[in-house]
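Data first, discussion second: the structure below is written as structure tokens.
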Amino acid sequence: MNAPGEAAPIPTGPPLAPPRRLADLAFRWIALLAALTIVALIGLVGWELYHGAGPAVRRFGIAFLGNSTWDPVTDRYGAWPFIFGTLVSSAIALVIAVPLGVATALYLTEFAPVRIRQPVIMIIEMLAAVPSVIFGLWGIFVLIPWMRDHFFRWLQGAFGFLPLFQGPIYGVSMLAGGIIVAIMILPIVTSISREILRSVPDLQREAAYALGATHWEVIRVAVLSYARRGIFGAAVLGLGRALGETMAVTMVIGNRPEVSASLFAPGYTLASVIANEFTEATSDLYLNALFELGLVLLILTVLVNVLAQLMLRTITGGASGKVN
Amino acid sequence: MPAAISVHPSRGQQVWRRFKSRVMAAVMLTCALAVMAPLFLVLYNLVHEGATSLDWHFFTQLPKPTGEVGGGMANAIVGTLVLLAMAAVIGVPFGVMGGVYLAEYGSDRVNDWLRFAADVLNGIPSIVWGMVVWALLVVPLKTFSAYAGGVALGLMMIPLVMRTTEEVLVLVPQGYREAALALGIARWRTIVVIVVRTALKGIITGILVALARVAGETAPLLFTALGNNFWARSLAAPVSALPLQIYAYALSPYDDWHRQAWAGALVLMALILLTNILVRFLSRERRFA
């Protein structure tokens, strides 16, 4: 516009000249369109999956969800073994990751010396950056052989009276899948829990100290009870991640569409069956059925994520976008 | 619960309570160590198994035919870089402009909904993106292609970049905008040359984080880029990528391929960790006012 040093002309007339307003308007619309791609993408994902699943939805109806037969040879499809596998492996992951993650978050906010907080947080963020396929590789060649020979045997010896820990041990199993997923959702559960704990007012802690509480009593009485709802939100967000986890689970869960009480038995998840069979689907109906599995997975994850966002939003103003 | 804190605690009670507090502190420290352990174990095994397999051939040669020893992942390394470049072409403009809208325009209500939508989109499983892009591009083009793989990764990047861009733009002091507007600079120029310029490092950081995130994705590439044991002749042909090659080799029955899977994983992990370290270095200097 003006060369430096030269005095700007004194504006006359209306504050915004028409050509400039046009550029402003155009820029604003471009930005709006870019932001609206988000909404368009959600619509696109939903429509493509619904469209792909259509024939299967019409053919099998609601029974698809409860049917345990998955037989591409005779074109009979049911989603139950996969829904079961997804829910069980995610449940195992939550049982492991939530206590560990919350305890780590507590350690970081309440106990750790300030000096080592940042390095620990950094290490946990790095854990979040490890790709799923690398966890799978590590699971196959390191974690599973070790667990098969030691940890699973010990579990069977100690808790073998429970149906959960009976039956032959192959290594690849529902339990192995759950453990790998637990490792993968630990960073997000930890970091959201940390945000929540940091939002607990110090006044709460000081009041408990003033009453003569010990460090642990302060945490239990003042911090945890205050943060309970937010921690629940962190767990639900972790669940959302766990449900959709694909590669690492596919590599360690055994990929057999069975419903078994034993955690040592191989399982199969919605995401794994899509990953394994999508490019091999020979008939149209087979493909439609896989799309319907995708639709079930999408609906599950979106519902869980919306729930988590609603729970966290009221507390932290939506801190969840930051991690991964 | 407050019953544990009685008004006149006996000496024994106090000792017990303090002891319990110590024990819980130790438990939490143990948990924190347990959470960090997998990273070190994975890194140890990657270096231990992968470093011995890394040689010049790994970076320069194509995969050998099934069962033959030797060969490398040159095509997969190039494939990953090509896919990332294509992802950036889609993810960066949409993500950054969307972030500009969220930070600079838009009413609070609309922005709340948009942010909510972006977070929901972030939560969609990556395998679902693969199916969507398969239906969108692979079916009409009648071939798996680098285009499809790049689009799948690019679409995943949009909400990531949008959220981080918005986060750094709102950190730019309001006074900068007011000063620029008071000088008679148009709103759009204020945003481009003042606001975005000031926050540029933060925006680039966000883009790098998003790239590092999608660089390791396998699931969205399975039915889009598909994988290819040779050099791709064009962007309209199937292309290999490091995660795809690692996946295929890890599940193969050959020891030599397992060895190469570890090597590939080491290269991929190094790529991602270096990006993360670069980001940390960039964001350390990110202070505005």
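The values are calculated or read from the model by the stated rules, or taken from the named source; none is laboratory data. In this text the structure is predicted, and so the values were computed from the model without any measurement. Neighbour counts run over all protein chains shown; Cβ positions are idealised from the backbone, glycine included.
Being over 30 Å from A:Ile219 (Cα atoms), more than 12 Å from every other protein chain (Cβ to nearest Cβ) and surrounded by 14 or more Cβ atoms within 10 Å (Cβ to Cβ) is the requirement here; does A:Gly66 meet it? Show your work before the answer.
Working: over 30 Å from A:Ile219 (Cα atoms): yes; more than 12 Å from every other protein chain (Cβ to nearest Cβ): yes; surrounded by 14 or more Cβ atoms within 10 Å (Cβ to Cβ): no.
So A:Gly66 does not fit the description; no.
How many residues are basic (Lys, Arg) and either under 16 Å from B:Arg233 (Cα atoms) or touching a residue at least 24 places away in the same chain (Cβ under 8 Å) (or both) when one looks only at the range B:59-102? Break it down stepwise before answering.
From the range B:59-102, those basic (Lys, Arg) are B:64; that's our starting set.
With either under 16 Å from B:Arg233 (Cα atoms) or touching a residue at least 24 places away in the same chain (Cβ under 8 Å) (or both) added as a condition, the list becomes none.
Residues in the range B:59-102 being basic (Lys, Arg) and either under 16 Å from B:Arg233 (Cα atoms) or touching a residue at least 24 places away in the same chain (Cβ under 8 Å) (or both): 0 in total.
Which count do you get for residues in the range B:127-145 that are in contact (Cβ under 8 Å) with a residue 40 or more places away in the chain and facing another protein chain (nearest Cβ under 7 Å)?
Filtering the range B:127-145 for residues in contact (Cβ under 8 Å) with a residue 40 or more places away in the chain gives B:127, B:129-131, B:133-134, B:137-138, B:141, B:143-145.
Those left that are additionally facing another protein chain (nearest Cβ under 7 Å): B:127, B:131.
Here the count works out to 2.
For residues that are surrounded by fewer than 24 Cβ atoms within 10 Å (Cβ to Cβ) and hydroxyl-bearing (Ser, Thr, Tyr), scanning just the range A:212-254, find the one that is farthest from B:Asn122 (Cα to Cα).
A:Thr214
Hey, any hits in the range A:163-178 for a residue that's closer than 30 Å to A:Arg117 by Cβ, crowded, with 24+ Cβ neighbours inside 10 Å and of a type outside the set (Lys, Arg)? Working first, answer last.
First pass over the range A:163-178, keeping only residues closer than 30 Å to A:Arg117 by Cβ: A:178.
Applying the additional criterion that residues be crowded, with 24+ Cβ neighbours inside 10 Å yields A:178.
Add one more test, that the residue is of a type outside the set (Lys, Arg), and what stays is A:178.
Yes, because at least one residue in the range A:163-178 is closer than 30 Å to A:Arg117 by Cβ, crowded, with 24+ Cβ neighbours inside 10 Å and of a type outside the set (Lys, Arg).
Could you please let me know if A:Ala265 is in contact (Cβ under 8 Å) with a residue 24 or more places away in the chain, in a loop (DSSP other than H, G, I, E, B) and not aromatic (Phe, Trp, Tyr)?
yes
Counting just the residues of the range B:146-182 that are buried (at least 18 other Cβ atoms within 10 Å of the Cβ) and away from chain A (no Cβ under 14 Å), which one comes out nearest to B:Ile207 (Cα to Cα)?
B:Gly150
Is it the case that A:Arg205 is in contact with a helix residue (DSSP H, G or I) (Cβ under 7 Å, 6 or more places away or on another chain) and over 18 Å from A:Val98 (Cβ atoms)? Show your work before the answer.
Values: in contact with a helix residue (DSSP H, G or I) (Cβ under 7 Å, 6 or more places away or on another chain): yes; over 18 Å from A:Val98 (Cβ atoms): yes.
Yes: the conditions hold for A:Arg205.
Please work out which one of (1) of a type outside the set (Ser, Thr, Tyr); (2) modelled with pLDDT of 90 or more; (3) surrounded by fewer than 22 Cβ atoms within 10 Å (Cβ to Cβ) is the condition B:Ala232 fails and give its number.
All conditions are met except number (2).
Select the helices (runs of 4 or more DSSP H) contained entirely in the range A:58-152, then report the ones holding at least 1 residues which are among the small types (Gly, Ala, Ser) and under 30 Å from B:Tyr44 (Cα atoms). Spell out how you get there, then give the answer.
Details: elements: A:63-66, A:80-106, A:114-129, A:132-138.
By residue number, A:80-106, A:114-129, A:132-138.
In this structure, is B:Ile277 hydrophobic (A, V, I, L, M, F, W, C), within 12 Å of another protein chain (Cβ to nearest Cβ), surrounded by fewer than 24 Cβ atoms within 10 Å (Cβ to Cβ) and farther than 16 Å from B:Leu81 by Cβ? Explain how you work it out, then say what you get.
Working: hydrophobic (A, V, I, L, M, F, W, C): yes; within 12 Å of another protein chain (Cβ to nearest Cβ): yes; surrounded by fewer than 24 Cβ atoms within 10 Å (Cβ to Cβ): yes; farther than 16 Å from B:Leu81 by Cβ: yes.
Considered against the rule, which asks whether it is hydrophobic (A, V, I, L, M, F, W, C), within 12 Å of another protein chain (Cβ to nearest Cβ), surrounded by fewer than 24 Cβ atoms within 10 Å (Cβ to Cβ) and farther than 16 Å from B:Leu81 by Cβ, B:Ile277 comes out as yes.
Any idea which of (1) over 30 Å from B:Thr164 (Cβ atoms); (2) modelled with pLDDT of 95 or more is the one B:Val96 doesn't satisfy?
Of the numbered conditions (1) over 30 Å from B:Thr164 (Cβ atoms); (2) modelled with pLDDT of 95 or more, the odd one out for B:Val96 is (1).
Condition check ((1) touching a residue at least 40 places away in the same chain (Cβ under 8 Å); (2) more than 20 Å from A:Gly233 (Cβ to Cβ); (3) of a type outside the set (Ser, Thr, Tyr)) across all residues:
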position: A:Ala97; (1), (2), (3): yes, no, yes
position: A:Thr104; (1), (2), (3): yes, no, no
position: A:Ile116; (1), (2), (3): no, yes, yes
position: A:Leu143; (1), (2), (3): yes, yes, yes
position: A:Asp149; (1), (2), (3): no, yes, yes
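Can you tell which of B:Leu271, B:Leu226, B:Leu266 is closer than 20 Å to B:Val133 by Cα, within 11 Å of another protein chain (Cβ to nearest Cβ) and within 23 Å of the chain's Cα centre (by Cα)? Explain how you work it out, then say what you get.
Working: B:Leu271 fails: closer than 20 Å to B:Val133 by Cα; B:Leu266 fails: closer than 20 Å to B:Val133 by Cα.
Every option except B:Leu226 fails the conditions.
Tally up the residues in the range B:5-44 that are farther than 27 Å from A:Ser193 by Cα and either at pLDDT 95 or above or at the interface with chain A (Cβ under 8 Å from one of its Cβ atoms) (or both), please. Can you show your working first?
If we filter the range B:5-44 for residues that are farther than 27 Å from A:Ser193 by Cα, which is where we start, we get B:6-16, B:44.
Applying the additional criterion that residues be either at pLDDT 95 or above or at the interface with chain A (Cβ under 8 Å from one of its Cβ atoms) (or both) yields B:9, B:44.
Final tally of qualifying residues: 2.
Specify which of the listed residues (B:Ile185, B:Ile124) is within 30 Å of B:Ala236 (Cβ to Cβ), facing chain A (nearest Cβ under 10 Å), among the aliphatic types (A, V, I, L, M) and outside any helix (DSSP H, G or I).
Working: B:Ile185 fails: within 30 Å of B:Ala236 (Cβ to Cβ).
After ruling out the rest, the residue left standing is B:Ile124.
Anything in the range B:49-94 that is hydroxyl-bearing (Ser, Thr, Tyr) and either part of a loop (DSSP other than H, G, I, E, B) or surrounded by 13 or more Cβ atoms within 10 Å (Cβ to Cβ) (or both)? List them, or say none. First the steps, then the outcome.
First pass over the range B:49-94, keeping only residues hydroxyl-bearing (Ser, Thr, Tyr): B:52-53, B:60, B:66, B:80.
Within the range B:49-94, B:Ser53, B:Thr66, B:Thr80 meet the criteria.
For A:Ser272, state whether it is of a type in the set (S, T, N, Q) and buried (at least 22 other Cβ atoms within 10 Å of the Cβ). Show your work before the answer.
On the way: of a type in the set (S, T, N, Q): yes; buried (at least 22 other Cβ atoms within 10 Å of the Cβ): yes.
Spelling it out, A:Ser272 is indeed of a type in the set (S, T, N, Q) and buried (at least 22 other Cβ atoms within 10 Å of the Cβ).
What is the number of the single condition among (1) within 10 Å of chain B (Cβ to nearest Cβ); (2) assigned to a loop (DSSP other than H, G, I, E, B); (3) in contact with a Gly (Cβ under 9 Å, 6 or more places away or on another chain); (4) among the hydrophobic types (A, V, I, L, M, F, W, C) that A:Ala213 does not meet?
(3)
Looking at the range A:255-262, is at least one residue aliphatic (A, V, I, L, M), surrounded by 21 or more Cβ atoms within 10 Å (Cβ to Cβ) and touching a residue at least 40 places away in the same chain (Cβ under 8 Å)?
If we filter the range A:255-262 for residues that are aliphatic (A, V, I, L, M), which is where we start, we get A:259, A:261.
Subset that is surrounded by 21 or more Cβ atoms within 10 Å (Cβ to Cβ): none.
No, the range A:255-262 contains no residue that is aliphatic (A, V, I, L, M), surrounded by 21 or more Cβ atoms within 10 Å (Cβ to Cβ) and touching a residue at least 40 places away in the same chain (Cβ under 8 Å).
Yes or no: the range B:86-106 includes at least one residue that is farther than 27 Å from A:Gly240 by Cα and away from chain A (no Cβ under 12 Å).
Yes.
Give just the number: which of (1) within 14 Å of chain B (Cβ to nearest Cβ); (2) surrounded by fewer than 20 Cβ atoms within 10 Å (Cβ to Cβ) does A:Leu143 not satisfy?
(2)
Got a sec? Which of A:Leu16, A:Leu49 is at pLDDT 90 or above and of a type in the set (A, V, I, L, M)? Before you say what the answer is, go through the steps one by one.
Numbers: A:Leu16 fails: at pLDDT 90 or above.
On inspection, the qualifying residue turns out to be A:Leu49.
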